[in-house]
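Trainee: Got a structure for you, questions after.
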Ligand SMILES: Cc1ncc(COP(=O)(O)O)c(C=O)c1O
């Protein structure tokens, strides 16, 4: 290797201080206005405690520990093969034809939806798809409506300069939106964003409620078509749909009310169903005039899934037999963890301790309520969810995410427990630690 003979310059000595007013004001309003992730703050606390040698049960991340949840072997092998075969150049900006076609078949055989290939846009995981859906449909100051708690809609709304209308949901409804909740905002909304199975609650929209919501949207668009107003769309994030655990079936808006095909943009991908969060393959499905614009936008962001990973995903989707065993194992492993946690919480509840949970329906999450608001521990009054999460972490070594991180403002003790990075043994070890903390509450 030739080492340069240029003098080594240290650019950092010329940087303006980040606190300097002018340099701060020189950052765009959008970038300055991005709120930091509370989940990342908690993750940093977990890392710090672990560095001190503290044993922490980590229920925070919406991710998978590869040791607990490896990706399908067929996916790994096909990706390696694609690298070996030199598939390392740009993929087409809409995604590989083989992958788009495989998704068409996947939706037809598994969801009963026969979309053509030009309705599919491949993205590098679900996130760029979400961003592109918002950016393709929404102009600054237009209204986006979404329930809370929900995942990251606040950030996407902010990125496109939308007016966000957040609809707080209720524990008794599984923290899911209802048509009644949406109805008062239907006339001003340009976009409604829904997600099922729901991050963070692990619950699923009931087919009858989905139908009521979709009927509202279709009726509103019938009105708008007569008056010439811009139409109302639904972004339906179904990234967890293959992880359905309870009795509620996964339902799509288009299945609930077929006219919704004109107004629905699906956000989807392999990140969760295949424990493949680091592989970065996702997709949008929707009306071609919207998908085409999303493609144009994404082209300049460059948010394509990598070429070998696209080819591998197409391969695996086109040989469903390779997936049957994987899906079964994945489902069983997630369900066992969620059930172990849920049953453990129920035992604590039956022992009279102030805790409750919502039975798991889908995704990798359990909603757990630590009913400590208004109580004291060691004479300290507990008033906020964040305090409960801090106590759980620092006193019990159990790391969770309060629903505030997902936009629910009420201080009612609800936390998201994610099981993607824990073993059943980890859960069994965490439960007595939670019990010991709750027993100290007065
Ligand atoms: C509801 C929901 N949608 C989308 C995503 C993002 O998925 P990806 O990693 O494929 O970008 C997540 C990740 O946690 C999620 O929970």
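Trainee: For the chain, what is Rg from Cα atoms divided by 2.2 N^0.38 Å, rounded to two decimals? Intermediate values should be presented prior to the final figure.
Mentor: On the way: Rg = 23.1 Å, N = 442, 2.2 N^0.38 = 22.3 Å.
Rg over 2.2 N^0.38 Å, computed on Cα atoms: 1.04.
Trainee: Give the residues of segment 156-187 whose amide nitrogen is closer than 19 Å to a point set 7 Å from the Cα of residue 215 in the direction of its Cβ.
Mentor: Those under the cut-off are 177-187.
Trainee: Same structure, new question: Obtain the nm distance between the two label points defined at residue 346 and residue 41 by a simple spin-label model: each point lies 7 Å from its Cα along the Cα-to-C-beta direction.
Mentor: 3.5
Trainee: Sticking with this structure for a sec: Using a simple spin-label model with points 7 Å from Cα along the Cα→Cβ vector, what separation in nm is obtained for residue 442 and residue 110?
Mentor: Label-label distance for residue 442 and residue 110, simple model: 5.3 nm.
Trainee: Order 271-278, 399-406 from most to least packed using the mean count of other Cβ atoms within 10 Å. Before the final figure, lay out each step's value.
Mentor: Working: 271-278: 21.9, 399-406: 24.2.
Put in order of decreasing packing, that is 399-406, 271-278.
Trainee: With an 8 Å cut-off on Cα pairs and a minimum separation of 6 or more residues, tell me the relative contact order of the chain in percent.
Mentor: Numbers: 815 pairs, mean separation 97.3, N = 442.
Relative contact order here is 22 percent.
Trainee: What is the spin-label model distance, in nm, from residue 15 to residue 328 if the labels are put 7 Å beyond Cα along the C-beta direction?
Mentor: 5.4
Trainee: Still on this model: Using mean Cβ contacts within 10 Å as the protection proxy, how do 352-363, 233-244, 44-55 order, highest first?
Mentor: Ranking, from highest mean packing down: 233-244, 352-363, 44-55.
Trainee: A follow-up question, please. With runs of 4+ DSSP H residues as the only contributors, calculate the mean residue ellipticity of the chain at 222 nm using -39,500 (n - 2.57) per run, divided by the residue total and rounded to the nearest 500. Please list the in-between numbers first.
Mentor: Working: 15 runs with 183 residues, N = 442.
After summing the helix terms and dividing by residue count, I get -13000 deg cm²/dmol.
Trainee: Could you sort the peptides 246-258, 218-230 by per-residue average Cβ neighbour count (10 Å cutoff), highest mean leading?
Mentor: On the way: 246-258: 18.4, 218-230: 12.4.
Averaged packing, sorted descending, gives the order 246-258, 218-230.
Trainee: Hey, what's the Cα Rg ratio for segment 1-124 versus the globular rule of thumb, 2.2 N^0.38 Å?
Mentor: 1.72
Trainee: Let me ask you something else. Give me the compactness ratio for segment 73-319, meaning the Cα radius of gyration over 2.2 N^0.38 Å. The partial results should precede the final answer.
Mentor: Working: Rg = 17.6 Å, N = 247, 2.2 N^0.38 = 17.9 Å.
Segment 73-319 yields a ratio of 0.99.
Values in this text are rule-based calculations from the coordinates and carry no lab data. Keep in mind the model is a prediction, meaning the values are calculated, not measured. Cβ: placed from backbone, ideal geometry, glycine included. Neighbour counts: every protein chain shown.
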